[in-house]
1. Could you tell me which of the residues 72, 51 is within 24 Å of the chain's Cα centre (by Cα), of a type in the set (D, E, K, R) and surrounded by 17 or more Cβ atoms within 10 Å (Cβ to Cβ)?
2. Would you be able to say whether some residue in region 121-141 is over 24 Å from the mean Cα position of the chain (by Cα), surrounded by 14 or more Cβ atoms within 10 Å (Cβ to Cβ) and either without any contact (Cβ under 8 Å) to a residue 40 or more places away in the chain or farther than 30 Å from residue 25 by Cβ (or both)?
3. Conditions: (1) more than 26 Å from residue 88 (Cα to Cα); (2) buried (at least 18 other Cβ atoms within 10 Å of the Cβ). Residue 169 meets all but one. Number of the miss?
4. Just checking, how many residues over region 219-237 are over 24 Å from the mean Cα position of the chain (by Cα) and crowded, with 18+ Cβ neighbours inside 10 Å?
5. Can you spot a residue in region 94-101 that is more than 15 Å from the chain's Cα centre (by Cα) and among the hydroxyl-bearing types (Ser, Thr, Tyr)?
6. Name the residues in region 188-210 that are modelled with pLDDT under 95, part of a loop (DSSP other than H, G, I, E, B) and of a type outside the set (Gly, Ala, Ser), would you?
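The values are calculated or read from the model by the stated rules, or taken from the named source; none is laboratory data. None of the values given here were measured: they were computed from a predicted structure. Cβ placement follows ideal geometry from the backbone for every residue including glycine, while neighbour counts extend to all protein chains displayed.
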Amino acid sequence: MSFEQFERSTAAGNPRRLYEFVRGAKRWRYTGGDRAIALDTQIYDAVAISDDGIRQSGHTASDMLTITAPGDFEVARLYRGLPPSGEIAVVIRDIHETDDDAPVVWIGRIAGVNRPKLESTEVRCQSLDAALGQPGLRLAWTRGCPYTLYDRNCSANPESFRVPASLTTVAGNLVAAGVFGQYPDGWFAGGFLGWDLGEAGLERRGIRSHRGEWLTLLGAGDGLRVGQSVIAYPGCGRSMAICHNKFNNAPNYGGAPGIPGKSPFDGTPLF
């Protein structure tokens, strides 16, 4: 029987829901019920997992999908403290026991994690359609550069400015390495620190400040340890001088430093 036939059947169907969480090349696969399910050589582990139903109302808030899982849910542990720097995708399939057809019924991403009780976790998920439908930021005229450092508008190549390091000290959101002291104070402020997580890809944390051998990260450096290999990327002060002198990238500067220091809204004529 096909999936549609199982769905229409009044007695033959035995539906199960399959959940897959994706971060880089890392996969977590689960299903509700009392036993695991094998699909295309992949095993979906049996856990106490369920959701509140798939909705398609067209309203982002109403279409949020909430997955309820045990309190020690492995994916939810990634959100203790700061969330991962990269998105974790969610793919949901439906299948019937004794069948090997499992069509995808929902695709989205994790938007947040709550733990209302010690024994349970709520994973709030946003659909792909809702994520694509969010309004973007409008580009405004400013003296400072409005572009995100190293993005396609900035065009600066981050690999040309990367600084490999081995951490000598890790204390909360403070990390230190000898090579950081070879650069002027503030060189890395506004940049980010990256380290390899293997299959899960590259984790990143923004750098709040830099002084000597010390970097202050935005949030805790969970997962960092002494001796770990990291890569630091310098930040930008978003001025024309820094763009030119530090990154040699003045032709791509997105600001308008020639804007007059007058406002048409304060009663002062511009001309």
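1. Numbers: 72 fails: surrounded by 17 or more Cβ atoms within 10 Å (Cβ to Cβ).
Within the list 72, 51, the selection yields 51.
2. Step one: filter region 121-141 for residues over 24 Å from the mean Cα position of the chain (by Cα), giving 140-141.
Next, only the ones that are surrounded by 14 or more Cβ atoms within 10 Å (Cβ to Cβ) stay: none.
Within region 121-141, not a single residue is over 24 Å from the mean Cα position of the chain (by Cα), surrounded by 14 or more Cβ atoms within 10 Å (Cβ to Cβ) and either without any contact (Cβ under 8 Å) to a residue 40 or more places away in the chain or farther than 30 Å from residue 25 by Cβ (or both).
3. All conditions pass for residue 169, except number (2).
4. Counting residues in region 219-237 that are over 24 Å from the mean Cα position of the chain (by Cα) and crowded, with 18+ Cβ neighbours inside 10 Å gives 0.
5. Step one: filter region 94-101 for residues more than 15 Å from the chain's Cα centre (by Cα), giving 94-101.
Among the residues that remain, those that are also among the hydroxyl-bearing types (Ser, Thr, Tyr) are: 98.
Scanning region 94-101, I find at least one residue that is more than 15 Å from the chain's Cα centre (by Cα) and among the hydroxyl-bearing types (Ser, Thr, Tyr), so the answer is yes.
6. 197
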